[in-house]
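Q: Okay, here's the structure, questions in a sec.
The values are calculated or read from the model by the stated rules, or taken from the named source; none is laboratory data. Remember, predicted model here, so these are calculated numbers, not experimental data. FYI the Cβ positions are ideal-geometry reconstructions off the backbone, even for glycines, and counts take in every protein chain you see. The area values use the complete protein model at the heavy-atom level, side chains included, leaving out ligands, DNA and RNA. Shrake-Rupley method; radii C 1.70, N 1.55, O 1.52, S 1.80 Å.
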Amino acid sequence: EGIAMSTSGGVPKVKTLEDCLDDFANADPEVIRRALAAGGNDIREYTGAIKEQLKTTHLDAVKDCIENADKLCDLHQQINECDQVFEKLEQMLIGFQSELGSLSTDMSRLQEQSVSISLELENRQKVRGELSQFVDDIVVSQQMIKAILEADTGDRAFLEQLHELQHKLQFLRAQEFKEARAVGDVQGTLDALKVKALEKIREWTLQKIYQFRKPLANYQVPQMQLLKNRFFYEFLLANERNVAKEIQEEYVDTISKMYFSYFKTYTSRLFKLMMTDCATKEDLLGAEDTVKSSGLGFFSSKPQVRNRATVFSLGHRQTLVTDDLLAPIIIPHAAQEGGQKFQFESLFRSINLALVDHASHEFLFLSDFFLLSGQSAIDLHNKVLARSLTQLTREWDDRISTNFDAISLYVCICLCDKLQSLLKQRNVPPLTVYWDAISNQLWVRFDQLMAMHNESVRVMDVRKLQPPLDTRPHYIIRRYAELTCAFLVVTESCGKQVSKKMEAILESSEDAIEQLLLRFSAQLPGPRDKLIVLINNYDLILTIIDERVAHDNRVHQIIHELMQKSIGEFVEVSLSPHFGPLISFVNECEPLVNQQATNLLVRYNDKLTSVIRSFSANWKRSIDGINGEIVKSFTNFKNGTNILQSAFTQLVQYYQRFSKIAQHDAFRDCPARQEMVNVHVIIVELKKYKPVY
C-alpha cells in the first residue's frame, strides 16, 4: 500500500498513496513531463539516473564552495560584523525605550500639575471676581460723596450717584444677614449719605410742588421735572416711607386746591360768555309770540317780536357731540376780546372736556411718579379730583336748574355719555360717580322742562290765538316739529338708538300736540277744513323730520298713521259733494248684492238711472272742481297733489264698484246702463291731472 522512501534523516518512512499523489501534484511540471516521456523505462533505472545526477550536482556544488572559500570567509566575517552592529543598535534602542518610559512618567506628572494649576487659577479668578464685585459694591467712592453732598439736586451727576447709593444700600442690607465684617466699615458713611440725600430730595420735591401754588403757573412744567426725576420718590419710598408719605400728601393737597381754583375760576369766567338771548321760562311750546316793544324809533316803528328760533330749532348744535367734540376748549379772554358768545352746551362741553383732559393727564402722572397701579392709583386719582368734582357738581346743579333750553339739556346728556366713553378709551378712571350725578341732574331738569312744554300746550286757549286759526300750519306745530327733529338728530349724532326714557318723553309731547290739533280743528266750521288743518300740520311735522332724520322712529310712525287716517277721511269728504249720489248708491246696494237680495235691488232701478245720467253729465266738471279745491287747500304742493291722486284713485274704485253693481241681473232691464261712461275713459281723463315732477 505504500512506497518506502529514505529521507535526509536516514529513517525510512512509508508514504501512502495520498502522500504520493500530493507530491506528484506539487512536483515540477517539467520533471513530470520528462518522466512521462520516458514511457516504459524501468522505474529503477530512472531512479538511478536521478541519483547519479544528484551526486554530480553535489560534487559540483562542493567544488564551487572550495573555489569560493575566500569569498565565503569574507562573507562570514561581514556577517559577524553586522551582528555586532545590530547588537549595539539593540542596546541603543533598549536605552531609548528606557528613556521614553521615563519621559511618559514625566508627562503624566506634568499633566497632573497642569490640571491642578488650572483649577487653582479658576478658583482664584472666581474669588477675585466676587471679591472685586464685593469691593465695588461696598466701597464708597470719593466721587459719590462729593456728588451727594455738593451737587445740585437737579443735576444729572446727583441722580446717577443716587442710583449708585441706592444700590449700595440694598447691597449693605443683604450683607448684614451674612455677617460680613466689611459692613461695619462703611455703614456710617452710607447712612450719612442717605440722610443727606433724603434731605435734599425732600427739599427739592417740595419746592417743585409749591410751584403749583403760583397764580397763572403752568403746572405741567414742574410735573415734567418731577417725572424726569421720578427716581427721587422711589428712593424715598425705599429708605424713608414717612417722608414719601409726606410728599404724596403735600402733592395731593396742593394739586387738588389748584384744580379746585382752576375750575372755579374757569367756570365763572366762561359763563360770562353765555348768550344773553337764551331760553327763558316764557319760551314754551304753547307760548304765543309776544311783542317786546311797540315804541317808535328813528328808523322803524314796527313792533319787535320775541325770536324763539334758537329755542326750538337745532341748527348745527349737534356737531358738539360729533365733529366738535374734541375741538379746543374755549379760552375766556380770547373769546371776550373777539366778542364771542356761546350757548349753554358749548360751555358745558368746554368745561367738561377740560376736566377730561386734566383727569387723563393727572392719572398718568400719579401712576408714573408715585409708582401706583390698579385700585390704589384710582383711589389717589379720586382724592386729587374730589374737591373739583364736588364744586363742579354743585355748579352744574345751579346752572342746570335755571336752564330752559330743552335742546341744550339733551345735547349735554349726550355729551356726558361721549366724554365718559372718551375716558374709558384712554384707560383712565371714568369718574362714574360724577357723570352719573350730572346726567341725573340733566335728566331731571329735562323731564321738568318737557312737562312744562306739554302743559303749556294742554292749557292753551285756542279761541284766543292771534292771528285767528285757519287751515294753514300753525307756528306752534312748527315749534314742536323743530324740537322733536332736534332730539332725533342729536340722538342719531350720538350713534345710538332713542332710549326708552326719551321715547316715552317724545310720545308724551306727541300726545299733547295731537290733542292741540284736535282742538284746532274743532274751531273750524266745516268737516273739510277740520281735516285740512290736521293734514297740513301733520305734513309739516313729517316734512321737517324727514329732512334731517334718516332712521325710522316711533313719533314719525304715529304722525304718519294719523295723517293717512285724516287723508282717507278728507278724500271721502272731497268726493261726497260731487259724487254723493254714486257713493250713496254703492254703499246701499253693495251689501244687498253680497246678500243676493235681488228683490230689494229692483227697487233701485230708477235711482240707478238717475245716478248714471247725473254722472255722465257732470263727471268731468266735478273732477276739475275737485282738482281746484284740493290743490288750493294744502300749503305743500307735493302733499296736495298726492292727496289729489288718492282722491282720484278712490273715485275710480267707487266707479268700478258701481259698474259691477250695475251689471247685476236686477238692473238688466235698465236702459240707462248703455249710457255709462267707460272706466278707461275716466282713467285717461284723470291722467291729465297727474303731476309732472
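Q: Among the listed residues ILE682, ILE661, identify the single one that is crowded, with 18+ Cβ neighbours inside 10 Å, under 17 Å from ALA597 (Cα atoms) and touching a residue at least 12 places away in the same chain (Cβ under 8 Å).
A: On inspection, the qualifying residue turns out to be ILE661.
Q: Just one of the numbered conditions (1) in contact with a helix residue (DSSP H, G or I) (Cβ under 7 Å, 6 or more places away or on another chain); (2) of a type in the set (A, V, I, L, M, F, W, C); (3) surrounded by fewer than 19 Cβ atoms within 10 Å (Cβ to Cβ) is not true of MET450; which one?
A: (3)
Q: Can I ask one more? How many residues, within region 332-361, are touching a residue at least 40 places away in the same chain (Cβ under 8 Å) and among the hydroxyl-bearing types (Ser, Thr, Tyr)?
A: 2
Q: When you look at ASN639, is it open to solvent by less than 50 Å² (accessible area, probe 1.4 Å), at pLDDT below 95 and either over 16 Å from PRO577 (Cα atoms) or in a loop (DSSP other than H, G, I, E, B) (or both), yes or no?
A: Yes: the conditions hold for ASN639.
Q: Continuing with this model, one more query. Considering (1) closer than 25 Å to LEU534 by Cα; (2) open to solvent by 50 Å² or more (accessible area, probe 1.4 Å), say which one PRO691 fails and leave the rest.
A: Every listed condition holds for PRO691 apart from (2).
Q: Just checking, which of VAL602, VAL681, VAL677 is touching a helix residue (DSSP H, G or I) at 6+ places or on another chain (Cβ under 7 Å), part of a helix (DSSP H, G or I) and of a type outside the set (Ser, Thr, Tyr)?
A: Result of the check over VAL602, VAL681, VAL677: VAL602.
Q: Do any residues in region 196-211 that are within 11 Å of LEU226 (Cα to Cα) and of a type outside the set (D, E, K, R) have Cβ atoms under 6 Å from those of residues that are open to solvent by less than 30 Å² (accessible area, probe 1.4 Å) and outside any helix (DSSP H, G or I), where the two are at least six apart or on different chains, and which pairs are they?
A: Correct list of pairs: TRP204/THR153.
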